[in-house]
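To start, the structure under review is shown below, and the notes come after it.
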Amino acid sequence: MTEQDLSNLLQRMTLPEKIGQMYSAHAPTDENLKMVEEGRLGTLLNIGHWNEGGLAARCNRFQRVAVEKSRLGIPLLFGRDVIHGYRTTLPIPLGQAASFDEALVEEGAAAAAREARAHGQNWTFAPMVDVSRDPRWGRIAESCGEEPEMNARMGAAMVRGFQGAGMASCAKHYAGYGAAEAGRDYNTTWIPENHLRNVYLPPFEACVKAGVKTVMSAFNDLNGVPTSGNALTIRQILKGEWGFNGLVVSDWGAVDELITHGYAADGAEAALRAIRAGVDMEMVTTQYETHVEKLLASGALTMTLVDDAVMRVLRVKNELGLFENPYVPEGVEDENANTAATRAIARRAAEESCVLLKNDGLLPLANVKRLAVIGPLADAPEEQVGCWSMDAEYATVVTPLAALRETFDGDISYFPALKTSRDTDESQFAEAVAAAEKADATVMFLGEEALLSGEAHCRAYLDFPGAQTQLLEAVAKKAKRLCVVVMAGRPLIMGRVAELANAILYAWHPGNMGGGAVADLLLGRAVPSGKLPVSFPHCEGQIPVYMGRRNTGRPTPEGARVGVPPGTPLDPKGFTSTYMDCDVNPFYEFGFGLSYTTFEYAGLELSRARVSAGGSLAASVTLRNAGNCDATEVVQLYIRDHAASVTRPLKELKDFKRVFLKAGESCRVTFELTTGQLEFYNAENRLALEPGAFTLFIGGASPSCLSAAFAVV
Ligand code: GLC
């Protein structure tokens, strides 16, 4: 269908049919099927779980009613949260971000779409591109971490992946949702427009540039105007400035919640405010269905706004080809599920997502004949698939224990010692400790069960839940050598683990294939390459702590001691922005991750020291694999703008590359940095390139980089 065809179709639609396209309902109920036939429902969410069987046929049954029985035959969208895999789960997005491998992230999204599409799902509510700088927030698990550039690159990669495989994708949650006060989900956000434009919006703009077909407005109150009623962010910026021509859907019930927020007195005002703001489709609540006709009759609402919303919905359906091919093949869903290709992608994603945080030489395990495997997450399929895994196929999950049992050449003794990550019963510790004492090496699998992160699952304490720390202490006393593998949906407080373990591998929630990936990394059949997409705090009191912080007028000097010695005069010298009882820097920094080899950086050179608008400079560095094993390094490029019309971050991630080098090999790694990458929203909230001094950094982690000065003139 052409755009004109869609306009012609729009002209033929009755008002109830138009309102039907602005409504998405949950579940395949008889009532919804009837509404489909009457043309009063254009989108169905959560039509079912693949394990009920015949999902494609069920979708086709609903679709046939829409296409062949309703008056105008407008096909349905079938929406589902395919966030990090469908039946074959990938690592959680925070883990995928740790791979710094956007090509692989794109492949993963495409694989997930192929599985979901075979089951009739043609719209996924992903990527989630909320910049997340608060690990208390459960949905940090679903994000690509703290840096706008990372969320932008990975979000765009997922858009390409999903949509290249025939699923409409959805950039969410627009906007600023990750800045929830106190790290509590759905909480208020206060984000000055300048900060919103420089930090929280760029990932969404990147998704729009990548062709995302839908955007989801969020739950949060943004500066007093809830995002699902916010004309500045939706109509002015998203649809106006960026020219987004797809559809905006509210998050689940968010239109109703405009009343709860106190931003609408009743359902009619909620509907009016949401449509005026630019929310084209209401998710599962029925304020549009109930009030639009009266709002039009009263003149409060114009048909122009309604027609614009409906056209956007029709356009997405048209771009998916649903007018020409509304149905999906039936009975072949399983043929597309868990294919070897999909499992291989999930395996690589899990392997590349793991971050080696400490290793005193214990890893890769060698000369180990007796291995003790201890902890509640060594053999927990439903936990390792993480949040948003409602369609995960647990039977195909490979746990670390299963993988080690298959591939470790020696004797394995396994003691969970705790039933779940929140178990506080210490009665099973003795056997585990005894096994650790006898073993040549011990690997503990600790962290969070899947339920402890994800939507509405926020934590005020970021310790290891239950009695896991007690288990760690008990085992560490007797274990000859100890590796801790952490499975979690967020950064945890790692101080005690770092004191007691010889090695630490952070596996996030690694998905269906995580066990084999972890086992290969532990046994040296693979080499860790992951880097942290988010900073780790020393303690909860330090939150928020992140790389892109501002310098303040009184930064803490590098290497400054923590605290003030007893007896110091009440007016000590050096009042700086610090704590009396904690380091101001993160416990683990953004971009940090070790390997089994060492990489050396030398010879940073810039092609020019001065660059002007429209220009670019090349930054090159020599990377050497100075160790004795082949490995991949994630080379990271950061910048700092030293003086501008608004203060700028100490470091901003601007580019990254994965570089494979054989042991002893070297190569030149070159980045092209354009002045476009140096632009930011200035004090007048205009995108600007400002002259002045910059520093460029290149390294394998944000705190340890080579640097060079350059200027914009
Ligand atoms: C949820 C989530 C959103 C999800 C939607 C549909 O409340 O906030 O991320 O896509 O509802 O399930």
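The values are calculated or read from the model by the stated rules, or taken from the named source; none is laboratory data. Everything numeric here is computed off the predicted structure, so don't read it as measured data. Neighbour counts are summed over all protein chains in view; Cβ atoms, including those assigned to glycine, are modelled from backbone coordinates with ideal geometry.
Data table
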quantity: Total residues in region 267-324, condition charged (D, E, K, R), buried (at least 18 other Cβ atoms within 10 Å of the Cβ) and farther than 22 Å from residue 211 by Cβ; calculated: 4
quantity: Region 223-236 - residue that is out of contact with any helix residue (DSSP H, G or I) (no Cβ under 7 Å at 6 or more places or on another chain) and either of a type in the set (S, T, N, Q) or touching a residue at least 40 places away in the same chain (Cβ under 8 Å) (or both) and, of those, nearest to the ligand (Cβ to nearest atom); calculated: 223
quantity: Odd one out for residue 541, checked against (1) in a loop (DSSP other than H, G, I, E, B); (2) not assigned by TED's automatic domain parsing to the domain that holds residue 649; calculated: (1)
quantity: Verdict on residue 393 being of a type outside the set (Lys, Arg), in the same structural domain as residue 468 (by TED's automatic domain parsing) and farther than 23 Å from residue 448 by Cβ; calculated: no
quantity: Test: residue in region 17-30 that is β-branched (Val, Ile, Thr), over 25 Å from residue 116 (Cα atoms), surrounded by 17 or more Cβ atoms within 10 Å (Cβ to Cβ) and more than 16 Å from the ligand (Cβ to nearest atom); calculated: yes
quantity: Region 451-482, subset surrounded by 21 or more Cβ atoms within 10 Å (Cβ to Cβ) and within 16 Å of the ligand (Cβ to nearest atom), residue farthest from residue 493 (Cα to Cα); calculated: 454
quantity: Any hit, region 618-630, residues being surrounded by fewer than 16 Cβ atoms within 10 Å (Cβ to Cβ), part of a strand (DSSP E or B), out of contact with any Cys (no Cβ under 8 Å at 6 or more places or on another chain) and at pLDDT 95 or above; calculated: yes
quantity: Any hit, region 232-254, residues being closer than 22 Å to residue 457 by Cβ and touching a His at 6+ places or on another chain (Cβ under 7 Å); calculated: yes
quantity: Hits in region 529-545 (condition: crowded, with 21+ Cβ neighbours inside 10 Å and out of contact with any helix residue (DSSP H, G or I) (no Cβ under 8 Å at 6 or more places or on another chain)); calculated: 535, 536, 537, 545
quantity: Region 79-91, subset in contact with a Phe, Trp or Tyr (Cβ under 7 Å, 6 or more places away or on another chain) and within 16 Å of the ligand (Cβ to nearest atom), residue nearest to residue 43 (Cα to Cα); calculated: 79
quantity: Residue in region 351-370 that is in contact with an Asp or Glu (Cβ under 8 Å, 6 or more places away or on another chain), part of a loop (DSSP other than H, G, I, E, B) and not hydrophobic (A, V, I, L, M, F, W, C) present; calculated: yes
quantity: One residue from 33, 44, 94 being of a type in the set (A, V, I, L, M), within 16 Å of the ligand (Cβ to nearest atom), without any contact (Cβ under 8 Å) to a residue 40 or more places away in the chain and touching a helix residue (DSSP H, G or I) at 6+ places or on another chain (Cβ under 8 Å); calculated: 44
quantity: Residue that is farthest from residue 312 (Cα to Cα) [pool: residues in region 275-284 that are of a type in the set (A, V, I, L, M, F, W, C) and within 16 Å of the ligand (Cβ to nearest atom)]; calculated: 284
quantity: Enumeration of residues in region 100-153 that are among the β-branched types (Val, Ile, Thr) and within 16 Å of the ligand (Cβ to nearest atom); calculated: 124, 129, 131, 140
quantity: Subset of region 571-611 [without any contact (Cβ under 8 Å) to a residue 60 or more places away in the chain and closer than 30 Å to residue 520 by Cα]; calculated: 586, 598, 600
quantity: Qualifying positions in region 285-304 - more than 16 Å from the ligand (Cβ to nearest atom), without any contact (Cβ under 8 Å) to a residue 40 or more places away in the chain and closer than 23 Å to residue 38 by Cβ; calculated: 287, 290, 291, 294, 295, 297, 301, 303
quantity: Residue tally, condition more than 30 Å from residue 316 (Cα to Cα) and either within 15 Å of the ligand (Cβ to nearest atom) or outside any helix (DSSP H, G or I) (or both), over region 154-184; calculated: 2
